[in-house]
Amino acid sequence: MKQITLVCAAGMSTSMLVQKMQKAAQAQNVEVEIRATSESSFKEYADKTDVLLIGPQVGYLEDDFKSKYEPKGIKVSVIDRMDYGMMNGEKVLADALSL
Amino acid sequence: MANEKKLSHKLQRYAGKIQQNRYMSAISNGLMSTLPFLIVGAFSTLFSALAWEPYQNFIAPVKGIIGLASTMTTGVIALYAVFFIAYRLAQAFDKDPLVPAATALLSFLILTPVETFDKVRALPLQWLGAQGLFVAMFVGLIASRLYIWIVDRNWTIKMPEGVPPTVVKTFSGLIPAILVAVLFVVISGLFMQTSFVTVHEFIYTYLQVPLEGLGGSLGAMIIALIIMQALWMFGIHGAIVTLAIVKPIWMSLDLANLEAFQAGAPLPNIIGLAFWYIFANYAPMLGFALLLVFLAKSKQLRTIGKLGLPGTFFSIHEPLNFGIPVVLNPLLAVPFIASPIVCAVLGYFATTIGLLPAPIGIYPAFGTPIFALGFIEGSWRLAAAQLVLIPVCMLIYYPFFRILDRQALEREREAQENSEQEGTAGINAGAVTS
């Protein structure tokens, strides 16, 4: 099962998006585990993450996280601003799965 | 647009450098880790110092016992801070953090003089609470960094093969811990020769007091708010970047208030983390979201408003910031930057003229709802003030909201005309409502 982890400053607003993504996944019958956490505690979830999505407001973490986690086989991407604002779970999920 | 993107990217990099700086984030995350203890202390303070006479009479026999938990948490918060700051720094350097953290605690205690009062030997609590917080930050960073430096030099005792790994681990911490301890003993000894007698006295007088004076002013809060909001305009989480710098100062101001409140003394500070949270963090975006939900004619804006409104009660603003968007939208720059500043200024003056009490300085945990926070910070008047600021912010946003709504309506009408020309019925609102 694919594991997606979303990070932002405190993991609050990403957790709202996670809910929408989970709903979208359920509707499409996609087996996937999605969670949100703060950027500072992502380390704890690195081993069980296939796709790491970064909230646009902490987009500056991209380079650092890419250099740290891409060698470990984790796909890293920053969530599109508009999709984030509209809490478009369907689109973000589709983008994450196509990475 | 291309230029804005470029500037945005550049700012992102700088913001990242500040927020991700290992030392800054060790302080920030270390202070964050003291949260459970601060909350325990806050409850204890609330229950023991609640200013209601019948209640005070009722608890009088056990007041000291109820307050015990706060004395041993907020009262000695520097002990927790030095440990966690050192811990976080060692973690950032990918080192086993426990021994460096304990070594930092030892170093802090070495700098704190044992005093004798009437034959009782005691550590002065004065330096273990809010007044010792800056020493805790420095010692946490220096002791931990030095420990790591020594470990990296491999100045450790090598054990022969066959010795259990746990034993090896214990001994590997021996030399770094001894060297760090010796350094702090020397520093402590040197200060005893000066008129300050202790490092605490020196740092408090020459660093903490001036920095608190600087950071505790209304001007500093306004500057911090401008930077915060301007960064948000470029899509960067302005609060965590700005707080990486000002949080240590604001938090120590809050803790001084909390100590005073516990002791029944007048609250020394107005500005602090709690003040920022109460006044600048809810009303602006909550007011804006209400305008969107109830007064917007544009379907798109109303939809985003409904999406964003629930979050604004808990100071979560990302759906609005990115959805409308506020980010890179020059039209909204004025109200977005001005409204929290207006709120902070109003709150400040209402406090100085005695209309509102100063916040008691309980750490404002992220996600605490508006109104409830005002109560937690000591008064129904603060809770009410939080609500009064909402219409104020609606007024500030209103003229800009009108223009925004008109623009959105025009776009929607154009989209409709286009789709009618193509012979497809209705507007394609799918992207908005899904």
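The values are calculated or read from the model by the stated rules, or taken from the named source; none is laboratory data. This is a predicted model, so every value here is computed, not measured. Here the Cβ is made from the backbone with ideal geometry for all residues, glycine too, and neighbour counts use every protein chain on show.
One residue stands out among those in the stretch B:157-173 that are of a type in the set (Val, Ile, Thr) and within 38 Å of the chain's Cα centre (by Cα): the one that is nearest to B:Ala81 (Cα to Cα), which is B:Thr170.
The residues of the stretch A:1-15 that are in a helix (DSSP H, G or I) and crowded, with 21+ Cβ neighbours inside 10 Å, listed by number, are A:Ser13, A:Thr14.
When we screen B:Phe401, B:Phe294, B:Phe349, B:Phe336 for residues that are of a type in the set (A, V, I, L, M, F, W, C), more than 23 Å from A:Ala10 (Cα to Cα), modelled with pLDDT of 95 or more and in contact with a Pro (Cβ under 9 Å, 6 or more places away or on another chain), the only hit is B:Phe401. Where helices (runs of 4 or more DSSP H) fall entirely within the stretch B:1-69, those with at least 2 residues that are touching a residue at least 12 places away in the same chain (Cβ under 8 Å), within 12 Å of chain A (Cβ to nearest Cβ) and under 24 Å from B:Ile249 (Cβ atoms) are at B:2-20, B:22-33. Being assigned to a helix (DSSP H, G or I), in contact (Cβ under 8 Å) with a residue 60 or more places away in the chain and within 14 Å of another protein chain (Cβ to nearest Cβ) is a description that does not apply to B:Ile77.
Only one residue in A:Thr49, A:Thr5, A:Thr37 is touching a Lys or Arg at 6+ places or on another chain (Cβ under 8 Å) and more than 11 Å from chain B (Cβ to nearest Cβ). Which one?
Exactly one residue qualifies, and that residue is A:Thr5.
Within the option set B:Ala350, B:Ala274, being in contact with a helix residue (DSSP H, G or I) (Cβ under 6 Å, 6 or more places away or on another chain), part of a helix (DSSP H, G or I), in contact (Cβ under 8 Å) with a residue 24 or more places away in the chain and of a type in the set (A, V, I, L, M) holds for one residue only, B:Ala274.
Please verify whether B:Pro325 is over 16 Å from B:Phe366 (Cα atoms) and within 12 Å of another protein chain (Cβ to nearest Cβ), treating the condition exactly as stated. Taking the combined requirement at face value, the residue satisfies it. Per this entry, A:Ala46 is counted among residues that are in contact (Cβ under 8 Å) with a residue 12 or more places away in the chain, over 28 Å from B:Leu309 (Cα atoms), of a type in the set (A, V, I, L, M) and assigned to a helix (DSSP H, G or I). The residues in the stretch B:277-302 that are assigned to a loop (DSSP other than H, G, I, E, B) and not hydroxyl-bearing (Ser, Thr, Tyr) can be counted, and the count is 3. Between B:Leu105, B:Leu128, B:Leu141, B:Leu133, which is closer than 15 Å to B:Val82 by Cβ and without any contact (Cβ under 8 Å) to a residue 40 or more places away in the chain? Answer to the selection: B:Leu105. For the stretch A:52-62, filtering for residues that are free of Cβ contacts under 8 Å to residues at least 40 places away in the same chain and at the interface with chain B (Cβ under 8 Å from one of its Cβ atoms) leaves 3.
Could you please let me know if A:Ala24 is closer than 27 Å to B:Thr368 by Cα, within 14 Å of chain B (Cβ to nearest Cβ), among the hydrophobic types (A, V, I, L, M, F, W, C) and not in a loop (DSSP other than H, G, I, E, B)?
For A:Ala24, the condition - closer than 27 Å to B:Thr368 by Cα, within 14 Å of chain B (Cβ to nearest Cβ), among the hydrophobic types (A, V, I, L, M, F, W, C) and not in a loop (DSSP other than H, G, I, E, B) - is not met.
Name every residue in the stretch A:12-51 that is closer than 15 Å to B:Glu318 by Cα and of a type in the set (D, E, K, R), in order of residue number. Hit for the stretch A:12-51 is A:Lys20, nothing else. Within the stretch B:258-272, the set of residues being modelled with pLDDT of 95 or more and either surrounded by 24 or more Cβ atoms within 10 Å (Cβ to Cβ) or among the charged types (D, E, K, R) (or both) comprises B:Ile271, B:Gly272.
B:Phe313 fulfils the conditions (1) more than 20 Å from the chain's Cα centre (by Cα); (2) surrounded by fewer than 20 Cβ atoms within 10 Å (Cβ to Cβ) except for a single criterion, (1). Of the residues screened, B:Leu332 is one that is buried (at least 21 other Cβ atoms within 10 Å of the Cβ), within 14 Å of chain A (Cβ to nearest Cβ) and on the phi < 0 side of the Ramachandran plot.
For the stretch B:116-229, the helices (runs of 4 or more DSSP H) that sit wholly inside it and include 2 or more residues that are surrounded by fewer than 18 Cβ atoms within 10 Å (Cβ to Cβ) and aliphatic (A, V, I, L, M) are B:165-172, B:174-192, B:209-215. A search for C-beta distances below 7 Å between a residue of the stretch A:72-88 that is more than 7 Å from every other protein chain (Cβ to nearest Cβ) and over 15 Å from A:Ser98 (Cα atoms) and any residue that is of a type in the set (Val, Ile, Thr) and not in a loop (DSSP other than H, G, I, E, B), counting only pairs 6+ apart in sequence or on different chains, returns A:Asp83/A:Val92.
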